[in-house]
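Here's the structure we're looking at; comments come further down.
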Amino acid sequence: MDWLTGSKIPVGKAAKSIFEWLRDNAEWFFESFEDGLSWLIETVLTILQYPSPLIIVALFVALTWKIQKNWKPCLLVLLGFLFIINQGYWEETMESLTLVAFAGFTCMAIGVPIGIAAAHRPRLYSAMSPVLDLMQTLPTFVYLIPMIVFFGIGMVPGLVATVIFVVPAPIRLTYLGVSATPKPLLEAAEAFGSTPSQTLWKVELPYAMPQIMAGLNQTIMLSLSMVVIAALVGADGLGVPVVRALSQVNAALGFESGLVIVVVAIMLDRILRVER
């Protein structure tokens, strides 16, 4: 096998060269991007942490009622937040929710338009599919390496790595929802003289909305799963006590903080769950 391994393809060296070139030649961009995003994150975090926790809990319960129109998920959200306050993880939970909110907004803003474009252009989706597979299957720790090179440590590299890992989900689900629109509906819209934009907004998107909301749900769940990994590059939140518990072999702290993450995931799932 020496003939095969003797001339190794320099994949790693090429990637390293690209990252170092970007760092050296676009340092001004990465610094400005990090400063602006850090300011936005701190602003949102201040808004969430300044009022009394009970006020924030009431707002989340009201949001749940607005979306679900059912008292059961509202009660679950209320009990979940009270449990988090009881365990002393309110600050860490707000930090993680800030990270998840930014990641969710960014992924949906990128993923939904790309998914719509791919649904109308099958060749585009065929070309994108291997890239999306790579983004979802590449170990998440690999994303952290260039993020540290570009941004150092903190919330920003964790957020950017989360977005890269998560954005394929809304792209795929939006594509599936729009492309699954029944042809009779599209033909009826065309027969009544709908323009392509009217067909998109009044036929395709309403039909695909459950899939798009499922994409939002998956985006938030995957973003929440990244909080522990993001903590390894200095991101604040619920991942910090998990990493601390791992380094100290503290089973009590690990189970406690891990259970809080599960509670947050369940609450977000119930808030955003939409039935067709």
### Query
For the range 174-189, how many residues meet the condition of being farther than 23 Å from Gly111 by Cα and open to solvent by less than 30 Å² (accessible area, probe 1.4 Å)?
1
### Query
So which of Ile18, Ile41 is among the aliphatic types (A, V, I, L, M), over 22 Å from Asp269 (Cα atoms), part of a helix (DSSP H, G or I) and open to solvent by 80 Å² or more (accessible area, probe 1.4 Å)?
Ile18
### Task
Report whether or not Leu54 is in contact with a helix residue (DSSP H, G or I) (Cβ under 9 Å, 6 or more places away or on another chain), modelled with pLDDT under 90 and in a helix (DSSP H, G or I).
yes
### Query
Which is in contact (Cβ under 8 Å) with a residue 60 or more places away in the chain, open to solvent by 40 Å² or more (accessible area, probe 1.4 Å) and either acidic (Asp, Glu) or within 30 Å of Glu95 (Cα to Cα) (or both), of Ile153, Ile171, Ile164?
Ile153
### Task
Give the residue, chosen from Leu159, Leu200, that is under 14 Å from Ala235 (Cα atoms), at pLDDT below 85 and either in a helix (DSSP H, G or I) or out of contact with any helix residue (DSSP H, G or I) (no Cβ under 7 Å at 6 or more places or on another chain) (or both).
Leu159
## Note on the structure
Residue count, the range 221-267, condition hydrophobic (A, V, I, L, M, F, W, C), in a helix (DSSP H, G or I), open to solvent by 20 Å² or more (accessible area, probe 1.4 Å) and under 24 Å from Pro157 (Cα atoms), comes to 11
### Matching option when the condition is of a type in the set (A, V, I, L, M, F, W, C) and modelled with pLDDT under 85, among Met128, Met94, Met108, Met135
Met135
### Task
Residues being without any contact (Cβ under 8 Å) to a residue 24 or more places away in the chain and part of a helix (DSSP H, G or I): count how many of those fall in the range 57-91.
13
### Task
Check the range 108-129 and report whether any residue there is out of contact with any strand residue (DSSP E or B) (no Cβ under 8 Å at 6 or more places or on another chain) and under 29 Å from Pro51 (Cβ atoms).
yes
### Message
Looking for something farther than 20 Å from Met221 by Cα, open to solvent by 70 Å² or more (accessible area, probe 1.4 Å) and touching a helix residue (DSSP H, G or I) at 6+ places or on another chain (Cβ under 9 Å) - is there at least one such residue anywhere in the range 83-96?
### Response
no
#### Entry: Count of residues meeting criterion [surrounded by 15 or more Cβ atoms within 10 Å (Cβ to Cβ), more than 24 Å from Leu97 (Cβ to Cβ) and of a type outside the set (A, V, I, L, M)] in the range 134-150
2
### Message
Please determine whether any residue of the range 122-129 is over 30 Å from Ser17 (Cα atoms) and either assigned to a helix (DSSP H, G or I) or under 21 Å from the mean Cα position of the chain (by Cα) (or both).
### Response
yes
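The values are calculated or read from the model by the stated rules, or taken from the named source; none is laboratory data. This one's a predicted model, so the numbers in the text were calculated from it and none came from an experiment. Cβ coordinates were reconstructed from backbone atoms using ideal geometry, including for glycine residues, and neighbour counts include every protein chain displayed. The accessibility values were calculated without ligands, DNA or RNA, using every heavy atom of the protein model including side chains. Shrake-Rupley method; radii C 1.70, N 1.55, O 1.52, S 1.80 Å.
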